[in-house]
Amino acid sequence: MAKLGFNQATTLKNSTLVKDLVLAEKYGYDYIEIRLDKLKEFFRDHTVDELAAFFAGSRLKPYSFNALEFITFRDKAGYAAIKEDLGFLCKVGQRIGCREIVVVPTFDVGDKTLAEIRRESHRALGDLADEAVKYGVRLAYEFVGYPNCSVNTFGQCYEIVASLNRADVGMVLDCFHFHAMNSRLDDLRQADAAKLFILHIDDSEDLPPGWLRDHHRLWPGDGVAPLADILGTLKRKGFDNMISVELFRPEYWGWDAEAAFRAGKEKTEAVLATYFR
Ligand code: ZN
């Protein structure tokens with residue numbers, strides 16, 4: 001049975017890491033995905049020892065860090081900043097037992113061919129993974145279902161990680177992003193589940209492909225993303241990694257954070273019970 005996670009984007013504007021840890025534990029989530037910005041904010045007045053002590057004493061565990069953004073086609077200074085954040089996350093990850101980092105391809109890269117995007121993705125993923133492996137950390141590449149993202153469908157992202165063929169580099173399947181650019185179910189059916197490190201679960205308003213943006217996300221079950229097809233396919237494949245609720249909806253950021261944890265758990269478990277468990 002897949003484990004349930006909470007991604008901090010869901011309470012991005014109405015909570016903190018300290019509050020998210022307490023609420024995720026209270027509502028019985030198995031894992032938390034920690035955001036890089038929230039982690040840096042936490043360290044302004046807390047230490048890594050405090051964070052390690054929390055996880056040592058809780059049922060809740062850390063699963064991944066989100067995210068190293070725009071890892072491809074960067075200039076020297078931009079790429080150096082990514083490497084610096086990578087080193088920071090690896091060191092924290094080693095202390096608290098967090099073994100995955102989500103990495104995101106770059107937007108608006110101009111007229112790059114699919115082959116050029118694959119080559120640059122392989123270079124960046126390979127270079128970052130060579131560093132992360134020293135800490136026992138692996139990378140999950142997350143395609144973004146926006147027209148101007150250089151990797152924007154499941155099939156394209158899967159082909160990149162499958163052809164890179166490293167055990168420590170896989171991908172994130174985000175149901176909203178899958179829907180937002182009409183990713184093909186056949187590509188998912190043919191995929192090796194071992195490459196799917198993380199499932200982000202969410203749903204989508206009924207707007208045309210190419211127009212959908214993160215703020216159109218809805219709680220799982222409340223929208224039109226093909227959750228039944230995705231979850232049914234994953235179940236047949238024996239997918240057993242974390243399923244993490246990840247919303248970016250300003251409406252939900254207006255709620256009390258506790259209400260978001262409660263709704264995320266209830267809505268997600270109802271969908272999983274229908275289609276997955
Ligand atoms: Zn996601």
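The values are calculated or read from the model by the stated rules, or taken from the named source; none is laboratory data. Owing to the predicted nature of the structure, the values given are computational and were not obtained by experimental measurement. Positions of Cβ are generated from backbone atoms using ideal geometry, with glycine treated the same way; all protein chains shown enter the neighbour counts.
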Checklist entry - Within the set of pairs 6 or more residues apart or between chains, which connect a residue that is polar (S, T, N, Q) inside segment 46-70 to a residue that is within 16 Å of the ligand (Cβ to nearest atom) with Cβ atoms less than 6 Å apart? => result S64/E33; S64/E100; S64/V102; N66/E33; N66/R35; N66/V102
Checklist entry - Inside segment 126-165, can you point out the residues that are of a type outside the set (F, W, Y), touching a Leu at 6+ places or on another chain (Cβ under 8 Å) and outside any helix (DSSP H, G or I)? => result V137, L139, G145
Checklist entry - Does segment 242-259 include one or more residues that are modelled with pLDDT of 95 or more, exposed (fewer than 15 other Cβ atoms within 10 Å of the Cβ), assigned to a helix (DSSP H, G or I) and of a type in the set (A, V, I, L, M)? => result yes
Next on the checklist: Need the failing condition index for F70 against (1) within 16 Å of the ligand (Cβ to nearest atom); (2) buried (at least 22 other Cβ atoms within 10 Å of the Cβ), just the number.
Outcome noted: (2)
Checklist outcome for this item: Expected single match for buried (at least 16 other Cβ atoms within 10 Å of the Cβ), touching a Cys at 6+ places or on another chain (Cβ under 9 Å), at pLDDT 95 or above and farther than 25 Å from I101 by Cα among P220, P226 is P226
Checklist entry - Residue check: is I96 surrounded by 17 or more Cβ atoms within 10 Å (Cβ to Cβ) and under 28 Å from N165 (Cβ atoms)? => result no
Checklist outcome for this item: Only one of L212, L196 is under 18 Å from A140 (Cα atoms) and within 16 Å of the ligand (Cβ to nearest atom), namely L196
Item to check | Given (1) free of Cβ contacts under 8 Å to residues at least 40 places away in the same chain; (2) touching a Lys or Arg at 6+ places or on another chain (Cβ under 8 Å); (3) surrounded by 23 or more Cβ atoms within 10 Å (Cβ to Cβ), number of the condition G155 does not satisfy | outcome: (3)
Checklist entry - In this structure, does S163 turn out to be surrounded by 18 or more Cβ atoms within 10 Å (Cβ to Cβ) and either closer than 21 Å to K112 by Cα or of a type in the set (K, R) (or both)? => result no
Checklist entry - under 25 Å from A2 (Cβ atoms) and within 16 Å of the ligand (Cβ to nearest atom) - does that describe any residue in segment 110-129? => result no
Checklist entry - Taking segment 167-182, which residues are without any contact (Cβ under 8 Å) to a residue 40 or more places away in the chain and away from the ligand (no atom under 13 Å from the Cβ)? => result A167, D168, G170, M181, N182
Checklist entry - How many of the residues in segment 200-209 are touching a helix residue (DSSP H, G or I) at 6+ places or on another chain (Cβ under 7 Å) and either away from the ligand (no atom under 13 Å from the Cβ) or touching a residue at least 40 places away in the same chain (Cβ under 8 Å) (or both)? => result 6
Item to check | Residues located in segment 240-252, provided they are of a type outside the set (K, R) and within 16 Å of the ligand (Cβ to nearest atom) | outcome: N241, M242, I243, S244, V245, E246, L247, F248, Y252
Checklist entry - Is it fair to say T16 is touching a Pro at 6+ places or on another chain (Cβ under 7 Å) and among the polar types (S, T, N, Q)? => result no
Item to check | Output for segment 217-239, where each listed residue is of a type outside the set (A, V, I, L, M, F, W, C) and either in a loop (DSSP other than H, G, I, E, B) or free of Cβ contacts under 8 Å to residues at least 40 places away in the same chain (or both) | outcome: P220, G221, D222, G223, P226, R236, G238
